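Laboratory data are not the source of any read-out in this text; all were calculated from the coordinates shown. Treat the numbers as computed from the prediction; the structure is a model and nothing was measured. Quick reminder, even Gly has a Cβ in these numbers, built from the backbone with ideal geometry, and neighbours come from all protein chains shown.
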Amino acid sequence: MLLRKLKNKKVVQGPSLHHFGNVKDYIRSIVEMNINITDEDFEKLIAKALDELPKEQTANLNNVAITFGSSPTPDQAKKLKLRGDSLLLGLYEGIPLTRRTGNYSLVLPDKITIFKDQILKLAKDKTQLFAIVKHTLWHEIAHFYGLDHEQIHKIEGHWKT
Ligand SMILES: [Zn+2]
C-alpha cells in the first residue's frame, strides 16, 4: 500500500502565494488544481507506466492482475485502518513471490489496485499524475517481490512524486 497524507499536499505541493498576482488567482488555482482523466486514458497511463518500469522488475509478474478502482472499498479501508486524512494510492493483495511454495498453484491471481480518485486528489498536472501512477505501480510491485515498507523506503528515496 502506498499512503500519502492529504494535508501535506497543501503545504508541500500547493502553489505558493508569490506565484500569483492576487488572492483571487490564487484561490482559482487551488480550485482548478484537480485534473480530469477518463477511465480509458487512466488505463493507458497504467500500461505506459508499466512499460517504463525496469524490465527486470516487470518480467516476473506471474499471476498478478493489475487493475484500478476509484477509491478503496469500505472493507479495504477498515482492514487497513485508513484515516480520513490519508490517501491510499495503491494496494497489493496476494501472496508475494518470496512466500510462494511448491503448493502455489490454482490460486486466485494477486491483485494490484491503483486508486484513480485518490491519485487525482494529489496530482496537480498530467506530468505529476503519470509520475505518481508509475511510483505507485513500482511500490506495489515491490510488495509482490516480498519487500516490506522499510526496504521499500530505502529504495524509494529517489522518487520525487
Ligand atoms: Zn506499501
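General remarks:
- DSSP-assigned coil residues among trypsin sites (Lys or Arg not before Pro) in the range 51-144, each with at most 10 further Cβ atoms within 10 Å: K81, R83
- Beta-bridge orientation, the range 36-152: approximately 40 percent antiparallel, per DSSP, counting only bridges with both partners inside.
- The length gained by stretching the chain between S71 and Q57 to full extension, at 0.36 nm per residue less their Cα-Cα distance, is 2.5 nm.
- Rounded, prolate or oblate (a/c below 1.5 giving rounded, otherwise prolate when a/b exceeds b/c) for the range 87-161 by Cα gyration tensor: oblate
- Distant-in-sequence amide H partners of L87 (H built 1.01 Å from N, under 5 Å): R4, K5, L6
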